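Only one structure is covered here, and it is reproduced in the block below.
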Amino acid sequence: MISIWQPIFDNAIHPIYRQDQLNRSLFYAPGWLVIVPSGMASDFQATIKDSARADWPEAVELRRRAVEAQETWEGLRTAAFTPLCLTLYLNNTCNLNCVYCFSRSSRSRREPLSLEAIRAAAEIVAQNCSADQKPMTVVFHGGGEPTLNYALIEQALDALEGMATDYNLDLFRYIATNGVLSVARACGLASRFDLIGLSCDGLPGIQNFQRPLQKDSKHTSSWFVERTAHIVHLAKKPLHVRVTITPETIDRQAEIAEYICQTLTPQEIHVEPVYTVEGDETKSRFQPTQAESYMEAFLQARQAAREYGIPWLASSSRPAEIHSTYCHIWRRVLNLTPEGVATLCFKLSDGESVHQQGFDLGHWNPLVGRFELRVNQIQDLCQKIETENEDCALCFNRYHCVRQCPDVCMLRSRTEVAGFRCQVQSMLADTLIQETADALCMNTSVQRPIIGIIPACL
């Protein structure tokens, strides 16, 4: 169940929330928690609400943190689009036939992303990284399976590494792959990338059903995934595993965690409930009534993974960060489709769909030889994204939630509040807060306010 958090300020002028428990009250501001004995809670709250009072230093600090979070939030909403990460969808083709693939309808045999477009877009990202004194990040993703254009990967890396050197930038290289690739290509990825993300939905029976090969083979996708993971480990490179949970596997999360920890031994496991398929929103979709059972199984799997020292993580709610939806404007990501179009939404993996939805942030213009951002379009989209549901305005998880994204786009609909994803994200955040409170109180009785920082993940 989602615990009840009451906003201290009725108009949400500052994001501070209170929850009363048996012998204690919890006061929460984004990323920060204060535990107060029940008998002191009313006076503590009065100090929070009256900026002229300084009776409780912890109350003053919590109010300061709330104001800081609010300013960070407003900065995200109003900042210019200056991407620091370049994400490349090299193609819309794949060697798997996943039952839930969100880009299935857009797959084609068109030409892959051009090296010229990659260079031009990378120039924008490199300039921003240099100005912000931040490392440059490149992500090879899809769309399709990026390793099907392996020669382009190597050419792009050569160009990006040269550009990073020219701008005196560190370059972080990440690739997301389904793992169905030759030994030579797996070795190549392990030698050139700083982090490899491997998609695996769990035990062979689950993996091979949900992620079957497109063509007949003497091996299954799970066999390839295990071999690729082994090659990455031999190269001593970090490995993350990405798991998609479907309604059919909701109760098998602990089994999935055990298998991945024992067989693939990644540094981290990232878990997502399955996304809806465009044009078929009823397929493989979780219902709001399944949120509690999903969360219960998620926590069981997290405990199973902890036995191996491996985090079982969710990206949709991160209480230690100020974040909103997966929109690339929020995330400062320049994401190119194979046509050289920058997409606002990662689910739109071909230029035609991006144009149809009005989510085009820019494009490669071969006539002038540069990548052109659509500044007016970006500003219009920012204004639309800024508008929120009224129910979100008073939610304690407001600054750490992707809302219903990507199943329900804030730019298309604002009707689905307290849906499956909304509930799961609130329960994730609440669980982390409660665990932090219990840890802070483990070796002491609450006689005075205790302040603590919410950790980065569950």
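The values are calculated or read from the model by the stated rules, or taken from the named source; none is laboratory data. Note that this is a predicted model, so its numbers are computed, not measured. Using ideal geometry, Cβ is built from the backbone for each residue, glycine included, and neighbour counts are taken over all protein chains shown. For accessibility, only protein heavy atoms count, side chains too; no ligands or nucleic acids. Shrake-Rupley method; radii C 1.70, N 1.55, O 1.52, S 1.80 Å.
Considering every residue within the range 247-256, establish whether at least one is over 27 Å from Trp32 (Cβ atoms) and out of contact with any helix residue (DSSP H, G or I) (no Cβ under 9 Å at 6 or more places or on another chain).
No, the range 247-256 contains no residue that is over 27 Å from Trp32 (Cβ atoms) and out of contact with any helix residue (DSSP H, G or I) (no Cβ under 9 Å at 6 or more places or on another chain).
Condition test on Trp56, is it within 22 Å of Cys345 (Cβ to Cβ) and of a type outside the set (Lys, Arg)?
No; evaluated as a whole, the condition is false for this residue.
Between residues in the range 368-379 that are more than 13 Å from Ile124 (Cβ to Cβ) and free of Cβ contacts under 8 Å to residues at least 40 places away in the same chain and residues that are surrounded by 13 or more Cβ atoms within 10 Å (Cβ to Cβ) and among the acidic types (Asp, Glu), which pairs lie under 7 Å by C-beta distance while being six or more apart or on different chains?
Sorted first by the residue in the range 368-379, then by its partner, the pairs are Gln377/Asp360.
Taking the stated definitions as given, is Phe286 in a loop (DSSP other than H, G, I, E, B) and under 17 Å from Asp201 (Cβ atoms)?
yes
Failed condition for Ile13, given (1) out of contact with any strand residue (DSSP E or B) (no Cβ under 6 Å at 6 or more places or on another chain); (2) part of a helix (DSSP H, G or I); (3) among the aliphatic types (A, V, I, L, M), with all others met?
(2)
From the list Cys94, Cys101, which one is within 26 Å of Val424 (Cβ to Cβ), out of contact with any His (no Cβ under 8 Å at 6 or more places or on another chain), open to solvent by less than 30 Å² (accessible area, probe 1.4 Å) and part of a loop (DSSP other than H, G, I, E, B)?
Cys101
Here are some conditions: (1) open to solvent by 10 Å² or more (accessible area, probe 1.4 Å); (2) within 21 Å of the chain's Cα centre (by Cα). Asn168 meets all but one. Which one does it not meet?
Among (1) open to solvent by 10 Å² or more (accessible area, probe 1.4 Å); (2) within 21 Å of the chain's Cα centre (by Cα), the lone unmet condition for Asn168 is (2).
Give the range 299-327 a look and list any residue that's of a type in the set (D, E, K, R) and either surrounded by 20 or more Cβ atoms within 10 Å (Cβ to Cβ) or in a helix (DSSP H, G or I) (or both), or say none.
Arg302, Arg306, Arg318
Looking for whichever is buried (at least 20 other Cβ atoms within 10 Å of the Cβ) and either of a type in the set (A, V, I, L, M) or touching a residue at least 12 places away in the same chain (Cβ under 8 Å) (or both) here; the options are Leu76, Leu86. Which one fits?
None of the others qualify; the one that does is Leu86.
Mind listing just one residue for me: the one in the range 177-194 that is under 15 Å from Cys94 (Cα atoms) and aliphatic (A, V, I, L, M) and, of those, surrounded by the most Cβ atoms within 10 Å (Cβ to Cβ)?
Looking at the filtered set, the residue picked out is Val180.
Looking only at the range 121-147, how many residues end up being open to solvent by 10 Å² or more (accessible area, probe 1.4 Å) and either of a type in the set (Asp, Glu) or at pLDDT 95 or above (or both)?
So the answer is 12.
Would you mind telling me which numbered condition in (1) out of contact with any strand residue (DSSP E or B) (no Cβ under 8 Å at 6 or more places or on another chain); (2) touching a residue at least 60 places away in the same chain (Cβ under 8 Å) Asp55 fails?
Tallying (1) out of contact with any strand residue (DSSP E or B) (no Cβ under 8 Å at 6 or more places or on another chain); (2) touching a residue at least 60 places away in the same chain (Cβ under 8 Å), Asp55 fails exactly one: (2).
When the residues of the range 215-265 are filtered to those that are among the polar types (S, T, N, Q) and within 17 Å of Asn178 (Cβ to Cβ), which remaining residue is nearest to the chain's Cα centre (by Cα)?
Filtering first and then ranking leaves Thr244.
Is at least one residue of the range 397-405 assigned to a helix (DSSP H, G or I), open to solvent by 10 Å² or more (accessible area, probe 1.4 Å) and at pLDDT below 85?
No; the residues of the range 397-405 include none that is assigned to a helix (DSSP H, G or I), open to solvent by 10 Å² or more (accessible area, probe 1.4 Å) and at pLDDT below 85.
Scan Arg448, Arg414 and give me the residue that is among the basic types (Lys, Arg), open to solvent by 30 Å² or more (accessible area, probe 1.4 Å) and modelled with pLDDT of 80 or more.
Arg448
Answer with yes or no whether Ala121 is in a helix (DSSP H, G or I), touching a residue at least 12 places away in the same chain (Cβ under 8 Å), of a type in the set (Gly, Ala, Ser) and in contact with a Phe, Trp or Tyr (Cβ under 7 Å, 6 or more places away or on another chain).
For Ala121, the condition - in a helix (DSSP H, G or I), touching a residue at least 12 places away in the same chain (Cβ under 8 Å), of a type in the set (Gly, Ala, Ser) and in contact with a Phe, Trp or Tyr (Cβ under 7 Å, 6 or more places away or on another chain) - is met.
What strands (runs of 3 or more DSSP E) lie completely within the range 332-381 and have 1 or more residues being open to solvent by less than 10 Å² (accessible area, probe 1.4 Å) and of a type in the set (D, E, K, R)?
360-365
If you go through the range 220-227 one residue at a time, do you hit one that is open to solvent by 20 Å² or more (accessible area, probe 1.4 Å), at pLDDT 95 or above, in contact with a Cys (Cβ under 8 Å, 6 or more places away or on another chain) and closer than 20 Å to Glu268 by Cβ?
Checked the range 220-227: no residue is open to solvent by 20 Å² or more (accessible area, probe 1.4 Å), at pLDDT 95 or above, in contact with a Cys (Cβ under 8 Å, 6 or more places away or on another chain) and closer than 20 Å to Glu268 by Cβ.
If I ask for residues that are acidic (Asp, Glu) and either over 17 Å from Pro449 (Cα atoms) or buried (at least 19 other Cβ atoms within 10 Å of the Cβ) (or both), which ones from the range 49-73 would you list?
Asp50, Glu58, Glu68, Glu71
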